[in-house]
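Input: a single structure, listed below in structure tokens.
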Amino acid sequence: MNILTEINLIWPELCIALSAMCLLMIGAFRGDSSNKTITWVSICVMGVACLLVLLGPNNPSSAFNNLFIVDQFSNYSKILILMGAILTLILALPYNLREGIHQFEFPILLLFSVLGMMMMVSANDLIALYLGIELQSLSLYVLAAIRRDSIKSAEAGLKYFVLGALSSGILLYGMTMVYGFTGATGFNELELAFSNGVAKNQFIGVTVGLVFILCALAFKVSAVPFHMWTPDVYEGAPTPITAFFSIAPKIAAMILLSRVLLEPFGGLFIQWQQVICFISIASMAFGAFAAINQTNIKRLMAYSSIGHMGFVLVGLASGSIAGLQAVLLYLTVYLFMNVGTFACILAMKRDDRMVEEINQLAGLSRTNPKMTIALTVFMFSMAGIPPLAGFFGKYFVFKAAIDAELYTLTVIGLLASVVSAFYYLRIVKLMYFDEAVDKFDRSIGKEISFITIGMSFVTTLFIIILWPVLDFAAIAASSIFL
Amino acid sequence: MLTATIFLPLLGAIIAGLFGNRLGSRVSQLVTVIPLLVSAILSCFLLYHFGWTGETQTVNLFTWINVESLEISWVIYFDTLTAVMVFVVTLVSGMVHVYSIGYMSKDPHIPRFMSYLSLFTFFMLMLVTSNNLLQMFFGWEGVGLCSYLLIGFWFKKNSANAAAIKAFIVNRIGDFGFILGILAVFYFFETLQFAEIFKIAPDIAGKTFLFLGMEVDILTTICLLLFVGAMGKSAQIGLHTWLPDAMEGPTPVSALIHAATMVTAGVFMVVRLSPMFEYAPFALTIITIIGASTAFFAATIGLTQWDIKRVIAYSTCSQLGYMFFAVGVGAYPAAIFHLMTHAFFKALLFLGSGSVIHGMHDEQDMRKMGGLFSKMKITGSLMWIGSLALAGVPLFSGYYSKDIILESAFASHTGAGLLAYWAGIMAAFMTAFYSWRLLFLTFHGSSRVEENVLDKVHESPPIMLIPLLVLGLGAVLSGWFAVDYFVGDKMDQFWGSSILMLDDIIEKAHHIPGWAILLPTVVGVIGIISAWVLYIKSPSIIPRITAMTGPVYKFIYNKWYFDELYELLFVRPCFYLGRGFWRSGDVYVIDTVGPNGIAESVLNLAKRAGKVQSGYLYHYAFAMMIGVLILITWFLFGFFQ
């Protein structure tokens, strides 16, 4: 295979990498005043990357000595990641202008992290996986701390960085264990090695390695007990960054986790299924209970995302095509709901200052009925009430789990979803039934209102596009099980 | 035409009910009255058609339930029996609607009232046009609901609310029997369609099933259960207590629901199911006895009451008893005949008394009336006509229907039949007596009206008198006109296949000894004369009689202590039980363990979960490492086992 055919596979990544570097140069010469231009160009670049992904090869093909793989699964995920990034970047535009985040590095760092994520989902080797994760994480650490004048932002960045470094260490340690006991880092070789189960003498080493890798990836998807960073970082980071954190990296990490578990470690299904069940239950329960006492809406969203990741892990735990399909569907739905919710959060602004307390939403239905309806739709959807998008996410995940006979997991998941409905519905109740507080500012920027409206439509009418999305997810999921 | 007859009242009810507030009182009255009058006119044609040809017709509206062997459709089923009922219901209802325009003219909630009335009429029509038990039950419950709503129409009156709830609960008891009956029918017949039930009934007759180790006759059980439902709706002894209290509702309601139509639904149901009841002779005997006792017992209470409407209410109860023992001895046509004539003269009496109450400015106590005839000549004369019909004076409608019932009872030659005959004779005497007691106390003799009311007493407006005239015409003529068709020579052709009589009791009734035929009329006349003696000639005798019969009088005056007995036996224990369950079961057990307990533990967990989040980096790192350790330990344990 010559270099040209290999490059054919990485056009989207190449496009983003090259543009990011060019934009960096432009920014360096033109200074912070070019922020807006660079942001829009970045959005366009990601749009182009999206197109390139769509135009890319359909059949699974790998490049660079099997380090890099392109298949329907990775394509589907890349589109999700790019969509999430584009939407959050659009959301960030008015916010950055208003809050004085003029650093031109903002969109560029975001581009680099997206590049990292795309490499993560296309990784076909433990080393490539590590590279992707690190590229993504390093950009995110900086993004979290981008408001240098804010103590909270700096604290968030630092916490994220230290804990991220720890998890990287855990990941690397796990990888060395696996390499030490099997002599391979490529996914294809590992898959071959485990296809008949593990030999007795390998078992302890490989299992310990697997657990370490799992833990490190669980950190990335902020599953319990590796979730501790999430609330603090979400609260401290600038809101558009929080939105980005809660969407694209989560999706990338979840996709990566699925691929790692199902492809190279597919033979160890029995072993890792228990772990996934455990962290799934822990995440769902913790996400449901811990969120109840929160007063800050960004913190609430942190716990909410922990809970959602728990639900996604239910799909993964079933280890079937249907389960993986449900994972992809859930992530898609999650993307829309979360972007919409964060668009609403970004619209919570009074006297030109962001408001993050949940109480401030009281009586919103009287002062801003449109936003109230949108936020109500998102909350109902997150709580999983039919016929909104969130319901289908949960429905297919649990259906897969029941088909895999994971009854306990399903029951606990349903109970957790009931508990979590409490805090979603409390927001609705606050908005409709409580005494109104002062109005929010009206000028929220047309980008935000546009995205709010769009996402609420998608969330409400998801049932129309449900079957096509499911079909794509099925194709993507089956490419893993080849 | 069939569909229009049934659904016009519903149309009126919907328009007046949903848009009444916007349309105003006048329009609401028009949109309910006009459809009903049209319906009433159509029903005349229908009666003529079906009565003349004796044929049947079914209009399928749409399928309601279709599960395995249970297939129920919404239908409009017409035969002669249905046509008679539809005729009675729409005519009386139409008259009551017109009357209400005048009677309720000062009420602030006219649209609601008219809407309920029309809705009631629709449910009643659904009940009588059903060809299966389920739709009948739908109508049955619907009329019960409307009855509840209309008794409690003046919802600001506590007594009205209490009466409404009482009516509803007592009816629930009856309905429970009815439901059990329907379930039993479905269990044994595997169908709820009348036609199929009737086909199978002769085969099932005499078969038994085991219940608590006892062999029980299937048909008898079913019929008795259904009869319990009829007892509740038709206020038979034991389940009658709600009817007198129901007089708390506006008088037009009493006339329509609690005299002419709804309370006769029980009679109709048994007649409709005659092809099944005929094969359950024991059940029929029970019905005869219950009917006879009700006729007697309600009449005794009627002798003593002072409230003008209560007297008529007990009279209704008593007359329903007549209908039931007619059914019990197998004289179904006689029962329906009496049902029709009774509907006319009893509605007339109620509306007449309503006219008196209206003229007296809401006074109902007969002790405060007297000598009103000069002030209300038309109302007074019409009340006379109604009473003549009720007492069974020859040529008036009640004479024909009551006589054929008593003759049938006599002709049946069974013990229960003879008991019913003699109870009926005594009740006939009392009926005549209390009717004239009512007339004399209200219209004749010396005036006991309070001074300030006396000047304001007035005759009712024409809008209330015209319905009275129509009903009066019915009370006079319906018996004479219909006797040949209902129970005479043309009977077989008239009823067609709608009623089954194994034993030709009506034919036998025409051949009983002369004295037995004459006796009802004679005791009626004696009753009238004695009322005249006691209340006009020498009123001073009454206190002496009352004193002489002290305990008996008190017993009767207090309505045989039924209410007190029920209060003691059922109501109080229910309250105690309810309070016990609420305190110990709901508050202590369910709330503390259930909702409140769960909510509290969730909050507790939430607090703890929040505390874990300390904000210290090393805590977080520690948690991660612990997590890794736990997972590895778990695996290694799994491995070594």
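Shape call for segment B:470-600 from the C-alpha gyration tensor, a ≥ b ≥ c root eigenvalues: rounded (a/c under 1.5), prolate (a/b greater than b/c) or oblate?
Oblate is the answer for segment B:470-600, as a/c is 1.5 or above yet b/c matches or exceeds a/b.
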- Item | Compactness index (Cα Rg / 2.2 N^0.38 Å), the protein assembly as shown | 1.34
- Task: Sort A:S449, B:S115 so the one with the fewest other Cβ atoms within 10 Å of its own Cβ comes first.
- Result: A:S449, B:S115
- Item | Gyration tensor (Cα) of segment A:175-323, equivalent ellipsoid semi-axes in angstrom | 32, 15, 13
- Query: To the nearest whole number, what is the average tally of beta carbon atoms from other chains within 10 Å of the beta carbons of peptide B:599-610?
  - Reply: 5
- Query: Given Cα pairs under 8 Å that are at least 6 residues apart, what percent is the relative contact order of segment B:389-483?
  - Reply: 45 percent
- Can you tell which of B:F575, B:V143, B:A427 lies farthest toward the positive end of the dipole of the protein assembly as shown, using +1 and -1 charges on the Cβ of basic and acidic side chains (Lys, Arg; Asp, Glu)? B:F575
- Message: In Å and on Cα atoms, what radius of gyration and Dmax does chain B show?
- Response: 29.6, 113
- By the Kirkwood definition, with r running over pairs of different Cα atoms, segment B:91-250 has a hydrodynamic radius in Å of 17.4 Å
- B:T208's amide H: which non-local residues (gap 5+, or another chain) put their own amide H closer than 5 Å, with H modeled 1.01 Å from N in plane and none for Pro or chain starts? B:I218
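Any idea what the dipole of segment B:9-130 comes to, in debye rounded to 20, about its Cα centre with Lys/Arg Cβ at +1 and Asp/Glu Cβ at -1?
680 debye
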- Calculate the radius of gyration of the Cα atoms of segment B:1-52 to one decimal place, then report Dmax, the largest Cα-Cα distance, as a whole number, both in Å. 12.9, 45
- Query: Which angle between 0 and 90 degrees, to the nearest 10, do you get for helix B:415-443 versus the longest principal axis of chain B when only C-alpha atoms count?
  - Reply: 80 degrees
- Item | Radius ratio Rg over Rh of chain A, counting only Cα atoms, Kirkwood formula for Rh | 0.96
- Grab the other residues whose beta carbon is less than 14 angstrom from that of B:G20, score K and R as +1, D and E as -1, and report the net. +2
- For peptide A:219-228, the mean count of other chain Cβ atoms within 10 Å per residue Cβ is 4
- Query: Across the residues of B:612-624, average count of Cβ atoms on other protein chains within 10 Å?
  - Reply: 6
- Query: Which of the lysines could a cross-linker span from B:K537 if the Cα-Cα distance has to be under 24 Å and same-chain partners fewer than 8 positions apart are dropped?
  - Reply: B:K368, B:K375, B:K377
- Message: Quick check: Cα centre of segment A:135-213 to Cα centre of segment A:38-87, how many Å?
- Response: 23 Å
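Residues with beta-carbon under 15 Å from that of A:S449, excluding A:S449: net charge, scoring Lys, Arg +1 and Asp, Glu -1? Could the numbers behind the result be given before it?
Numbers: positive: A:R98, A:K349, A:K370, A:R442, A:K446; negative: A:D441, A:E447.
Residues near A:S449 contribute +3 overall.
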- Query: Once the Cα gyration tensor of segment B:585-641 is diagonalised, what are the square roots of 5 times its eigenvalues, in whole Å and ordered largest first, as equivalent ellipsoid semi-axes?
  - Reply: 36, 21, 4
- Message: Whole-Hz ³J(HN,Hα) for each residue in segment B:548-555, computed from phi via Karplus 6.51 cos²θ - 1.76 cosθ + 1.60 with θ = phi - 60°, x for glycine and proline: what do you get?
- Response: 4, 9, x, x, 5, 4, 5, 4
- Angle, helix B:308-328 long axis vs. longest principal axis of chain B, Cα atoms, 0 to 90°, nearest 10? 90 degrees
- What is the distance, in nm, between label points placed 7 Å from the Cα along the Cα-to-Cβ direction at B:Y566 and at B:H510? 4.3 nm
- Packing-based order for A:71-80, B:230-239, B:505-514, B:104-113, using average beta carbon neighbours within 10 Å, highest first: B:230-239, A:71-80, B:104-113, B:505-514
- Query: When the Debye formula is applied to the Cα atoms of segment B:1-142, each taken as the same point scatterer, what base-10 log of I(q)/I(0) results at q = 0.12, 0.14, 0.16 Å⁻¹?
  - Reply: -0.49, -0.65, -0.80
- Message: I'd like the FRET efficiency for A:R442 and A:I151, computed as 1/(1 + (r/R0)^6) with the beta carbon distance as r and R0 of 51 Å, rounded to 0.05.
- Response: 0.95
- Note on the structure: Long-range amide H partners of A:F68, meaning residues 5 or more apart or on another chain whose placed amide H is closer than 5 Å, are A:A63, A:N124
- Using Cα positions and a limit of under 14 Å, work out the aspartates and glutamates in reach of A:K159, with same-chain residues fewer than 8 apart set aside. A:D232, A:E235
- Note on the structure: Of the listed pairs A:K200/A:K220; A:K36/A:K78; B:K207/B:K508; A:K78/A:K370; A:K36/A:K439, those with alpha carbons more than 27 Å apart are A:K200/A:K220; B:K207/B:K508; A:K78/A:K370; A:K36/A:K439
- Query: To the nearest 0.05, what FRET efficiency results for B:I626 and A:K429 with a Förster distance of 30 Å applied to their C-beta separation?
  - Reply: 0.20
- Footprinting proxy, B:T300, B:T3, A:T242: sorted fewest to most Cβ within 10 Å, the residues are B:T3, B:T300, A:T242
- Message: Spelling out what I want: for every residue of segment B:589-603, take phi, set θ = phi - 60°, compute 6.51 cos²θ - 1.76 cosθ + 1.60 (Karplus), and round to whole Hz; glycine and proline get x.
- Response: 7, 5, 5, 6, 7, x, x, 5, x, 5, 4, 5, 5, 5, 4
- Message: Give the average over all directions of the projected area of the C-alpha convex hull of segment B:541-603, one decimal, in nm².
- Response: 5.9 nm²
- In this model, which of A:K446/B:K611; B:K346/B:K456; B:K166/B:K346 are farther than 32 Å apart at the alpha-carbon? A:K446/B:K611
- Distance between segment B:583-641 and segment B:185-200 - C-alpha centres, whole angstrom: 59 Å
- Message: For a quick check: with amide H placed at 1.01 Å from N, whose amide H comes under 5 Å from B:W64's, ignoring anything fewer than 5 positions away on the same chain?
- Response: B:I72, B:S73, B:W74
- With +1 on the Cβ of every Lys and Arg and -1 on the Cβ of every Asp and Glu, the dipole magnitude of segment B:527-600 about its Cα centre, in debye rounded to the nearest 20, is 680 debye
- Query: How large is the dipole of segment B:119-205 about the Cα centre if only Lys and Arg carry +1 and Asp and Glu carry -1, each at its Cβ, rounded to the nearest 20 debye?
  - Reply: 560 debye
- Centroid-to-centroid separation of segment B:268-298 and segment B:328-367 [C-alpha atoms, Å]: 22 Å
- Cα long-axis angle, helix B:110-128 against chain B (0 to 90 degrees, to the nearest 10): 90 degrees
- Message: Considering just Cα atoms, how many Å³ per residue does the convex hull of segment A:357-463 enclose?
- Response: 101 Å³
- Item | Eligible aspartates and glutamates near B:K309 by straight Cα distance, threshold 17 Å, same-chain separation 8 or greater | B:D245, B:E248, B:D362, B:E363, B:D365
- Specify whether the C-alpha gyration tensor of segment B:80-167 places it in the rounded, prolate or oblate class, a ≥ b ≥ c being the square roots of the eigenvalues: rounded for a/c under 1.5, otherwise prolate if a/b is larger than b/c and oblate if not. oblate
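The numbers here are math on the coordinates, done by the rules we state, and not lab data. Everything numeric here is computed off the predicted structure, so don't read it as measured data. Methodologically, a virtual Cβ is constructed for each residue, glycine included, from the backbone with ideal geometry; neighbour enumeration extends over all protein chains shown.
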